[in-house]
Amino acid sequence: MKRCEWCNLSEEDKKYLLSDTKYWTVYLADEQDYIGRCIIVLKRHCGSLPELKDDEWMELFLLIKKYEKCIKTVFNAEHCNWSCLMNSFYKSPEPCPHIHIHARPRYKNPVVINGNTYLDNNFGHHYSSGRTEQMCSKEDIQTIYGLLKKWLNS
């Protein structure tokens, strides 16, 4: 689909590819406002959850289980917030939605990466979109990526 952002990712967009399955790809989000924040993207173009096929649902379920175990093991996350809002697609006069799921790990305790401490100051409350007070450095993002990729592909 020519107009779809997710169907036309550049190699730069794919630099944080964590996992690639039959139906889904998992990317570490460029913005690490929540440590380990990821995006799970359906490989085929599909605009709504009810259009998912049974095999896609099952694989998504297994990916969610695996990712939550990973993020709890690697960074001691308490739980994850999952969202499939798709609102940004509808800002366009010609919407072209593509199923993708955001995973935002939540932390009761501080996370330390390369000596830098990250806090989830709103733990126990809804996540904040576009949170910028604790963005990670490029070095910390590379560390997060390496640790998650190693665990997910072991």
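Bear in mind these aren't lab numbers, they're just calculated from the coordinates by the rules spelled out. The structure displayed is predicted, hence computed values, not measured ones. When we count neighbours, we look across all protein chains shown, and the Cβ atoms used for this are built from the backbone with ideal geometry, even at glycine.
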For the range 9-36, pairs from a residue that is farther than 15 Å from Gly146 by Cα and in contact (Cβ under 8 Å) with a residue 24 or more places away in the chain to a residue that is part of a loop (DSSP other than H, G, I, E, B) and β-branched (Val, Ile, Thr), with Cβ under 9 Å and 6 or more apart or across chains, are Glu31/Thr132; Asp33/Thr132
Here the residues within the range 5-28 that are assigned to a loop (DSSP other than H, G, I, E, B), more than 15 Å from the chain's Cα centre (by Cα) and over 20 Å from Trp57 (Cα atoms) are Glu5, Leu9, Ser10, Glu11, Glu12
Is there a residue being in a loop (DSSP other than H, G, I, E, B), touching a residue at least 40 places away in the same chain (Cβ under 8 Å), under 21 Å from His45 (Cβ atoms) and in contact with a helix residue (DSSP H, G or I) (Cβ under 8 Å, 6 or more places away or on another chain) anywhere in the range 99-114?
yes
Only one residue in Cys136, Cys70 is part of a loop (DSSP other than H, G, I, E, B), out of contact with any strand residue (DSSP E or B) (no Cβ under 6 Å at 6 or more places or on another chain), in contact (Cβ under 8 Å) with a residue 60 or more places away in the chain and not small (Gly, Ala, Ser). Which one?
Cys136
